[in-house]
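> Below is the structure I would like to discuss, written out as structure tokens.
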Amino acid sequence: MKQACFKPFLLLVVLTVGLVSCQPDQVEPGAIPMTLFRRSVLDQKIRMLSLRFGDDRFAAYDLENDRLHKVWRGGVLWNGAAFNNMKTVQPESYGTAYWEDDGQRDEWWIEVNRKKQPAKLSFRAFLDLEDGPTLEYQLAAGKDNVVTVREAPRFREVEGVTTFERHFQITAAQPSQQVYRNEALISQDEPLIVVQAESDLPPAPPPARAVSTNNSQYWLERSGCNTCHHETEKEIGPSYEAIAANYEATKENIALLSEKVRKGGSGQWGNVAMIPHPNLGDNDLNRMVQYILSLRPKVEGKAAARPKAVSETMSPDQPGFGTPVAGVHPGLELINFRPADFRPRVGGMAFLPDGQLLVSTWDSTGAVYALSGLETGDSSQIDIRMAASGLSEPLGLTTVGKDIFVLQKHELTQLIDLDGDGITDEYRQINDQFEATPDFHEYSYGLEYRDGNFYGGLGLAMRLMSHELQLSDRGTIFKMSMDGSFEKIATGLRQPNGLVFSPDGELFVAENQGQWVPACKIIHIQEGHFYGCEFGAGDRFTGLDATPPAVWLPQDEIGNSPSQPLFISEGPYRGQMIHGEVTHGGVKRVFLEQVNGVYQGAVFRFTQGLEAGINRMAWGPDGALYVGGVGMNGNWAHMGHQFGLQKLVFKDELPFEILAIRNRGDGFEIEFTEAVAPEIANPAKLIQLQQWYYEATDAYGGPKLDLHDLNISSAEFSDDRTRLTLRIPGLKTGYVVYFGLDPQWTSGSGKKLWSGDAWYTLNEKMR
């Protein structure tokens, strides 16, 4: 932080005109420098800016309403998914208030040629300057009557008196312009007293958390269990009530289930892996399990269902054939360049023209780091500089030339380096015209720039009360411009975590399973279309037909939390899509084709072997694929890992695998990366085929409907044995077709098949 400078006033809160300009060695005695700033939800308000001066003096601004929120001595409970892995909660101030907003709005006026006009104050930027923090506003009374207002908040303590000062600087566009606040002229000679000084107040301790009889509910939240489980409803995992219905609260079951929570694993309730919790104590584990089993439903007139035994076994299939592939794709070289002490939970990635990699982090720091020296491939030679901090869950990052833009939870922000030292001095708001609430799950995802507009996605709130509806901007794909315009271009999304434009300008989005989304998706976004998610929307979408996805990603088989898609521009996979996966892990590959003008295609396993679930990816200037990992307690992580940054370099030699699957009307053509061995003389016997469809309901996820096997009536290789044409009676549009090739498949050069699984979404049949 830059050292602040102050002017002495014996007032608790003072407004004056004239931004004080002084050098650090001229700072008045008692000045308390700013030591922290954070954008976040605070006290159940969105778009907040919290400033800490010294150890325990705070001021917070409500930038949604362009006003001071609170001045206090104490602290902030930095709760929340990004801060301490606790969902459903958000940061909250505590301590002794010097001053609090009374809810009465200030009235601002601009006078020109002795004629006063009511004006609107709008936040524009936060500046971290050498002489202290500064907020910039625009004050406008019509299009042509505009004034720039800068406010410099200052804290100091002299002789036991704490003073908080608000210094204002007015930059008028016309000589005759003057500014009034609540009918009082803002004048350098007449400071406006807001609160009379009083004796310093002692700080209050953090509020004690509510303690239940066994603390179990608290630990379920802190452990991350509530990320995947709800008390009464199935989410990623079964509800606590469903678990209780299956297991009687015996001493033996409590011990067995506690150990299962400690070790993690999958198989009892499906293929989703529960992460291990090795650091939880025996007492906490037992209390949590006891509380869950206490929710066992009581059935009137008959005994509850007989509990199941706890199963500790499962029989996995061969890697690449029914389960994720093992390790890194043979056609890729994995390079670990991240220094050991740099552990980013990657929220965004982008490259500057000079080759520097920018990484934003979804964590308590909310930072953007600039990495240089990547060309060395040597972690000891890589320079890492924190270029920005204090951002609110920055899950989108892009560059426009040398300019850097980040999508925070509540706004699109430009990061500006005023003095050329590589550190952001100005956080300029570009657009905040979308609706938001304090809900922990209202993420703002991804950021793409094209033809003068920015594109991103807005996630839904996940903890609505019975009388609440989603805000109309949530669950949408949007575009916004530099001038502040905001437009929804598609609706009916749940959690669209990542988007990309294809080489021909089509927009694609990765969508996550949940309510009204029976499985994860890759969606081709078309303007004005509705994509099926009605969670919390009331009757907003009644009568609308949902546009199907380009590709379904069957849950826990090939998808769980899909993220950033990218297109491959060179090599044998040219034109194909890849996308990251946060929970299922690795990178998946998608072959897309247009049939009758509609996008559809197949998804394949591609690579695992990465240090975390992949949230963001970017192509580097060296042609390498840079992958960034993220995670938190609970299911939103791969194998419990929470951070990662690596790169993948394409080799010249490819493995033997399915390159593409194309619809041929009454069947499909499978293309391989090289010729199939002559020994595969009867391929139909080495392929398993199934088809099914999904139906969106208000339940979390959904089953495979009308699931049945398909038969192959004929199978014929091309002359070079790189393509296999299958005729398949009974194919249905609107269905997913699963291809399971036997591990016996080999190439003419003797290579084993890398993966035999593929899932094709058949929206249309070729005519």
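The values are calculated or read from the model by the stated rules, or taken from the named source; none is laboratory data. What you see is a predicted model; the values in this text were computed from it and never measured. Every residue, glycine as well, gets a Cβ built from its backbone with ideal geometry; the counts of neighbours run over all protein chains shown. Please note that ligands, DNA and RNA were not included when accessible areas were found on the heavy atoms of the full protein model with its side chains. Shrake-Rupley method; radii C 1.70, N 1.55, O 1.52, S 1.80 Å.
> May I ask you to evaluate 6.51 cos²θ - 1.76 cosθ + 1.60, the Karplus curve with θ = phi - 60°, for each residue of the range 115-121 and list the ³J(HN,Hα) values in order in whole Hz, giving x for glycine and proline?
Ordered by residue, 3J(HN,Hα) equals 10, 8, 10, x, 10, 10, 8 Hz.
> Mind grabbing the accessible area of ARG262 for me, 1.4 Å probe, Å², rounded to tens?
50
> For the range 615-767, what relative contact order do you get, as a whole percent, if you take Cα pairs closer than 8 Å and at least 6 residues apart?
Here the relative contact order equals 22 percent.
> Kindly sort GLU669, GLU100 by accessible area of their heavy atoms, largest first, with the probe set to 1.4 Å.
The most accessible residue leads, giving GLU100, GLU669.
> For the chain, find the longest principal axis of its Cα atoms and tell me its angle to the long axis of helix 282-293, 0 to 90°, nearest 10.
70
> ASN113 versus ASP709, label points 7 Å from Cα toward the beta carbon: distance in nm?
In this crude spin-label approximation the distance works out to 8.9 nm.
> If you don't mind, there's one more thing I want to ask. Would you compute, from DSSP H runs of 4+ residues alone, the mean residue ellipticity of the chain at 222 nm, taking -39500 (n - 2.57) per run and dividing by the full residue count, rounded to the nearest 500?
-1500 deg cm²/dmol
> For a Förster distance of 41 Å, can you work out the FRET efficiency between the beta-carbons of LYS263 and SER466, rounded to the nearest 0.05?
Efficiency, from the Cβ-Cβ distance: 0.65.
> Need the full-extension length gain, GLU157 to ALA249, defined as separation in residues times 0.36 nm minus the C-alpha distance. One decimal, nm.
27.3 nm
> Can you spot the lysines whose alpha carbon is less than 26 Å from LYS116's alpha carbon? Ignore those fewer than 8 places along the same chain.
LYS143
> Under 5 Å between amide hydrogens, which residues at least 5 positions from ASN615 or on another chain qualify, with H placed 1.01 Å from N in the peptide plane?
GLY628, GLY629, VAL630
> Go through the range 101-112 residue by residue and turn each phi into a ³J(HN,Hα) via Karplus (6.51, -1.76, 1.60, θ = phi - 60°); whole Hz please, and just put x for glycine and proline.
Each residue's phi maps through the Karplus curve to give 4, 8, x, 7, 6, 6, 10, 10, 9, 10, 9, 10 Hz.
> Let me ask something else about it. Name the residue farthest towards the positive end of the dipole of the chain from the options ALA82, GLY514, VAL147, assuming +1 on Cβ of Lys and Arg, -1 on Cβ of Asp and Glu, about the Cα centre.
GLY514
> Structure shown: which of LYS402/LYS479; LYS263/LYS651; LYS685/LYS732 lie over 28 Å apart, alpha-carbon to alpha-carbon?
Those over the limit are LYS263/LYS651.
> Sequence gap at least 6, Cα distance under 8 Å: using those rules, report the relative contact order of the chain to the nearest whole percent.
Computed value for the chain: 10 percent relative contact order.
> Based on the alpha-carbon gyration tensor of the chain and its eigenvalue square roots a ≥ b ≥ c, which shape applies: rounded if a/c is under 1.5, prolate if not and a/b is larger than b/c, or oblate?
It comes out prolate by the Cα gyration axes.
> With a 1.4 Å probe and every protein chain left in place, tell me how much accessible area ASP698 has, in Å² to the nearest 10.
110
> Ranked by accessible surface with a 1.4 Å probe, highest first, in what order do ILE292, ILE661 come?
ILE292, ILE661
> Counting only DSSP beta bridges with both residues in the chain, tell me the antiparallel percent, nearest 5.
If I count the DSSP bridges inside the chain, around 95 percent turn out antiparallel.
> So how far apart, in nm, are the two label points at THR148 and ASN596 if each is 7 Å from Cα heading toward Cβ?
So the label points at THR148 and ASN596 sit 5.8 nm apart.
> What residues have an amide H closer than 5 Å to that of ILE32, excluding those fewer than 5 places away on the same chain, when H is modeled at 1.01 Å from N in the peptide plane?
Long-range HN contacts for ILE32: PHE155, ARG156, GLU157.
> Oh, and also: Which residue, chosen from ILE680, LEU645, ILE658, occupies the Cα position most advanced towards the positive end of the dipole of the range 642-690, where the dipole is computed from +1 (Lys, Arg) and -1 (Asp, Glu) charges on Cβ about the Cα centre?
LEU645
> Which of the lysines could be linked to LYS260 by a straight reach, that is with a Cα gap under 17 Å, when you skip same-chain ones fewer than 8 residues away?
Within the straight-line limit of under 17 Å, LYS260 reaches these lysines: LYS251, LYS308.
> Turning to a different aspect of this structure: Rounding to the nearest 20 debye, state how big the charge dipole of the chain is about its Cα centre with +1 on each Lys and Arg Cβ and -1 on each Asp and Glu Cβ.
That gives the chain a dipole magnitude of about 1400 debye.
> Taking R0 as 56 Å, what FRET efficiency do you get between ASN682 and ASP451 from their Cβ-Cβ distance, rounded to the nearest 0.05?
Efficiency computed from Cβ-Cβ geometry: 0.60.
> Amide H neighbours of GLY396 under 5 Å, counting only residues 5+ apart in sequence or on other chains, H built in-plane at 1.01 Å?
Result for GLY396 returns LEU407, GLY446.
> Roughly speaking, what is the stretch gain from GLN381 to ASP545, that is 0.36 nm per residue apart minus the C-alpha to C-alpha distance, in nm to one decimal?
Contour length minus Cα-Cα distance gives 53.6 nm.
> Simple spin-label model, 7 Å along Cα-to-Cβ: LYS402 to THR733 in nm?
5.3
> Can you give the extra length, in nm with one decimal, that the chain gains between ARG574 and ALA340 once fully stretched, where that is 0.36 nm per residue apart less the Cα-Cα distance?
That works out to 80.9 nm of additional length.
> While we're here: Counting only C-alpha contacts under 8 Å and six or more residues apart, can you give the relative contact order of the range 445-542 as a whole percent?
24
> So, one more: Give me a comma-separated list of calculated 3J(HN,Hα) values for the range 464-480, in order, Karplus coefficients 6.51, -1.76, 1.60 applied at θ = phi - 60°, integers in Hz, x for any Gly or Pro.
Calculated HN-Hα couplings, in order: 7, 7, 4, 9, 9, 10, 5, 5, 5, 7, 7, x, 10, 9, 10, 10, 9 Hz.
> Here's something else I'd like to know. Hey, with R₀ at 25 Å, roughly what FRET efficiency would ARG767 and THR725 work out to, going by the Cβ-Cβ distance, to 0.05?
Given R0 = 25 Å and the Cβ-Cβ separation, E is 0.90.
> On a 24 Å Cα-Cα criterion, which of the cross-link pairs LYS45/LYS234; LYS521/LYS704; LYS409/LYS704; LYS521/LYS588; LYS234/LYS765 come out too long?
Pairs exceeding 24 Å: LYS45/LYS234; LYS409/LYS704; LYS234/LYS765.
> Now, a different point. So what does THR35 come to for accessible area, using a 1.4 Å probe and Å² rounded to 10?
Its heavy atoms expose roughly 50 Å² to the probe.
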